[in-house]
1. Pairs, please: C-beta under 9 Å, at least 6 apart or cross-chain, first residue on the phi > 0 side of the Ramachandran plot and in the range 44-56, second in a helix (DSSP H, G or I)?
2. Name the helices (runs of 4 or more DSSP H) wholly within the range 1-72 that hold at least 2 residues that are loosely packed, with under 12 Cβ neighbours inside 10 Å and at pLDDT 95 or above?
3. Report, ordered by the first and then the second residue, all pairs with beta carbons closer than 7 Å, sequence separation of six or more or different chains, a first member in the range 82-100 that is loosely packed, with under 15 Cβ neighbours inside 10 Å, and a second member that is among the polar types (S, T, N, Q).
4. Just wondering, is there one or more residues in the range 80-90 that are modelled with pLDDT of 95 or more and closer than 25 Å to D192 by Cβ?
5. Taking the options S145, S188, S128, name whichever one is over 17 Å from the mean Cα position of the chain (by Cα) and within 18 Å of L5 (Cβ to Cβ).
6. Please tell me if L181 is under 27 Å from H35 (Cα atoms) and hydrophobic (A, V, I, L, M, F, W, C).
7. When both residues are 6+ apart or on different chains and their Cβ atoms are under 6 Å apart, which pairs have a first residue that lies in the range 156-178 and is aliphatic (A, V, I, L, M), and a second that is part of a loop (DSSP other than H, G, I, E, B) and crowded, with 16+ Cβ neighbours inside 10 Å?
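The values are calculated or read from the model by the stated rules, or taken from the named source; none is laboratory data. Please read these numbers as outputs of a predicted model, since none were measured by experiment. Neighbour counts run over all protein chains shown; Cβ positions are idealised from the backbone, glycine included.
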Amino acid sequence: MKVQLVSVTPNAEKVIEKAARTCYMSHGKITKCSHKEFIKRLIGAGHLSVLEHALATFSLEGVSRALTHQLVRHRLCSYSQQSQRYVREDNFQWVVPPDIKEDKNLKKEYDECMKYLKDRYSSFLQNSVKAEDARFILPNACCTSIVFSANFRQLRHIIALRGSSKAQWEIRELFIKITELMKKIAPSCFYDFKVDYEKRIVKKDV
């Protein structure tokens, strides 16, 4: 899994502070570092709409279609995903779940299954089946690439859901990485999310 932060709103935390202070007409309180505690107080008070003024865009590679099927359910984001209609998947790679990877026999069986599907897919293409039809046999394990954008409020919402112990392992690993990135880029906006590296989850301070 490769996660890249493609872009983020310049001076995101200052943009958020400017928007929020407009609500209270307190622009005179703006200083070089005033946004830090101010944004934390906003989050603590539940005034989250101002976080929507900042946007982050991520590029994901080497993730499964099973992951992206979950990700795109978050409808307030914007997505651009690798097409299986226009991009041939003759040499697709696949994601192996940890429970299978740890068992040598299961791993062998799993890989054989993936190779069989790859061969059948290629056979269909060679027999003049269109890629848009041949793709029907491609597995959820098939690796894909996707770019998605989300405002900071939505990102906080997704991190809380997908970073928890109840989330599926692959998307949880994704949002561990995204949490790490966002805590560096906008620490005041994500200050209350902590990565528990032992349990491989994201915890939120109450």
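1. From the range 44-56, no pairs qualify.
2. Numbers: elements: 12-24, 34-45, 65-71.
In the range 1-72, 12-24, 34-45 are the helices (runs of 4 or more DSSP H) which contain 2 or more residues that are loosely packed, with under 12 Cβ neighbours inside 10 Å and at pLDDT 95 or above.
3. D90/S122
4. no
5. The conditions single out S188.
6. Details: under 27 Å from H35 (Cα atoms): yes; hydrophobic (A, V, I, L, M, F, W, C): yes.
In short, yes.
7. What qualifies is I158/H74.
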